[in-house]
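Below is one structure; the comments refer to it alone.
The values are calculated or read from the model by the stated rules, or taken from the named source; none is laboratory data. Nothing here was measured: the structure is a model prediction, and the numbers come from that model. Positions of Cβ are backbone-derived with ideal geometry, glycine not excepted, and every protein chain shown enters the neighbour counts. Areas reflect the complete protein model, heavy atoms only, side chains present, ligands, DNA and RNA absent. Shrake-Rupley method; radii C 1.70, N 1.55, O 1.52, S 1.80 Å.
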Amino acid sequence: PRLHVAADLGAGTVLPLDRAQANYLLNVLRRGPDDPVLVFNGRDGEWRAGLVQTGRKAAALRVVGQTRPQTRAPDLHYLFAPLKTARLDYLAQKAVEMGAGVIRPVITRYTQGERINVERLRANALEAAEQCGVLALPAISEPVRLAAALADLASDRLLVFCDEDAPVADPVRALRAAADPAAAPPLAVLVGPEGGFSEEERGLIRARANTVALSLGPRILRADTAAVAVLALVQAVLGDGR
Ligand code: SAM
């Protein structure tokens, strides 16, 4: 198992576990003192730790040695229009698993519910990081309006705009025409809400230089399907901006 901890990590560090973590390791995973546990804090890489039972239901971890050095989050921004809560949890997890280094909720005309629980997004992202092994936690920002999100993108960052109205063409060719894979361009992807973008928003997005409107095929994908598809495609063709 891999656990995120807040503490600094070094050989010999003892990490007290909260009751939920102790219960998870001792009773759910039934780990014993000789079973290694991997810990990371998002800054010091990944370390192997030994489980020390300190009471009937209490435990701590003693950090032994580093297993992986710290890695930088991919320079891949994932901009999305928030969805209903259940799908939002799913979206946050998939964005982390699929390599997003920045996760940016964008408020658009047809976004459901402007109030989104960013702490919940962060908790889902952390859980996904523990599960999928990323060491750098993605930065998750408060929701911003579309125009502000576009203005915040550096001009050299290629924006891949998932546009179901774009002509169904070869997405690999379209991406290669938009950026040189060898140059590892900084990247951002943008996926709209279940209700799609308004015509005005579409104009705003397309007006931005260094933006490619990309069709993901002839079917209308759910926003969370489009998210996984475009993150996989962009990284396969253009890398992840490392
Ligand atoms: N206009 C859609 C409709 O008619 O139902 C609503 C938007 S779709 C459910 C949600 C988002 O996923 C879109 O805004 C777009 O960003 C992305 N998307 C869905 N299908 C796509 C496709 N075939 N190509 C590119 N992007 C797509």
### region 135-223: radius of gyration over Cα atoms, expressed as a fraction of 2.2 N^0.38 Å
1.12
### Query
Tilt of helix 223-238 relative to the longest C-alpha principal axis of the chain, in degrees (0 to 90, nearest 10)?
90 degrees
## Note on the structure
Taking every other residue with Cβ under 13 Å from the Cβ of VAL37 and scoring Lys and Arg +1, Asp and Glu -1, one gets +1
### Task
Could you tell me the accessible area of THR13 in Å² (1.4 Å probe, neighbours in place), rounded to the nearest ten?
40 Å²
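Arrange the peptides 97-104, 44-51, 115-122 so that the one whose residues have, on average, the most other Cβ atoms within 10 Å appears first.
97-104, 44-51, 115-122
Roll a 1.4 angstrom probe over the protein heavy atoms and tell me the percent of accessible area of region 98-178 that is carbon or sulfur.
52 percent
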### Carbon and sulfur %, accessible surface of region 8-58 computed with the full protein complex present, 1.4 Å
50 percent
### Task
Enter the per residue convex hull volume of region 179-242, computed from alpha-carbon coordinates, in Å³ rounded to the nearest integer.
92 Å³
### Query
Mind checking Rg over Rh on the chain, alpha carbons, Kirkwood formula for Rh?
1.05
### Simple Cβ-charge dipole of the chain, Lys/Arg +1 and Asp/Glu -1, about Cα centre, in debye nearest 20
620 debye
### Summary
With the charge dipole of region 91-242 built from beta-carbon charges (+1 for Lys and Arg, -1 for Asp and Glu) about the Cα centre, the Cα from ALA227, VAL102, LEU238 projecting farthest to the positive end belongs to LEU238
### Task
Enter the angle in degrees (range 0 to 90, nearest 10) between the Cα long axis of helix 118-132 and the first principal axis of the Cα atoms of the chain, meaning the one along which they spread out most.
70 degrees
### Query
Given a 1.4 Å probe, how much area per residue of region 76-212 is accessible, in Å²?
45 Å²
### Summary
Classified through the alpha carbon gyration tensor (a ≥ b ≥ c as square roots of its eigenvalues; rounded if a/c is under 1.5, else prolate when a/b is larger than b/c, else oblate), region 75-136 comes out prolate
### Task
Tell me what the chain gives for mean residue ellipticity at 222 nm when only DSSP H runs of n ≥ 4 count, each as -39,500 (n - 2.57), the sum divided by the residue total, rounded to 500 deg cm²/dmol.
-9000 deg cm²/dmol
### Message
Quick query: amide H of VAL64 versus all other amide H atoms, modeled in the peptide plane; which residues come in under 5 Å with a sequence gap of 5 or more or a different chain?
### Response
GLY12, ARG48, ALA49, GLY50
